[in-house]
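The values are calculated or read from the model by the stated rules, or taken from the named source; none is laboratory data. If you're wondering where the values come from, they're calculated on a predicted model, not measured in any experiment. Cβ coordinates were reconstructed from backbone atoms using ideal geometry, including for glycine residues, and neighbour counts include every protein chain displayed. Ligands, DNA and RNA are stripped out before the accessible areas are found, and what is left, the full protein with its side chains, is counted by its heavy atoms. Shrake-Rupley method; radii C 1.70, N 1.55, O 1.52, S 1.80 Å.
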Amino acid sequence: MPNKDLLHLTKRFFSSLNRTTPSASDENWVAQHLSENEMALWSTMGPSDQTHSIAVAKMVDNEVPEDKTAVVAALLHDIGKTAVRSGLLLRVLAALARPLASTERLDRWRSRGGPFLRLAALINYPTVGSSLLAEAGSEEFVVRWAAQHHLRPEEWTVDSERARVLRRADSVAV
């Protein structure tokens, strides 16, 4: 795990200890960018994930204010986490295990059940989020970015300029 990723994950860990919900003005800002179905999904996120998504989206909005789709992608990129019941410990384990998580290993963890099943599901949250967004009627870029936001740039099938802006914002926002 590169030092930059470890620093970001450490900052995210400590920010997740703060359970403060977003302000009413931030929630109104989010509602202005999302469809009704997307807002219903976003509302299921925990406070620290909502706060993170807002921070990422505002950075994206500052960098590319004309690209409203990128702002929506920023707000919803972590939506798949809502499908897995997880506490802080499981999220830390998933972040540490993600680089080791081959398809075969994830399949073995799923077959063991219990916490291994939830760990595998949490590591797979980008795919789950992509499905949730497709069902909600989100734009194709938003759906694909949710699935691809942890991939290496050479694996992206989305517009790479947009993706770089989103990746940069996600990597510094806590």
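Quick notes
- Residue in the range 55-65 that is more than 23 Å from P22 (Cβ to Cβ), part of a helix (DSSP H, G or I) and basic (K, R) present: no
- Counted residues, the range 87-127 - those being within 23 Å of W156 (Cβ to Cβ) and among the charged types (D, E, K, R): 1
- Among the candidates L88, L76, the residue that is surrounded by fewer than 14 Cβ atoms within 10 Å (Cβ to Cβ) and touching a residue at least 60 places away in the same chain (Cβ under 8 Å) is uniquely L88.
- Hey, R162 within 15 Å of the chain's Cα centre (by Cα), modelled with pLDDT of 95 or more and either farther than 26 Å from L34 by Cα or surrounded by fewer than 21 Cβ atoms within 10 Å (Cβ to Cβ) (or both) or not: no
- Residue match in the range 93-106 (condition: of a type in the set (A, V, I, L, M, F, W, C), under 30 Å from A31 (Cβ atoms) and open to solvent by 60 Å² or more (accessible area, probe 1.4 Å)): no
- Subset of the range 51-92 that is of a type in the set (S, T, Y) and over 15 Å from W29 (Cα atoms) - its residue that is farthest from the chain's Cα centre (by Cα): S86
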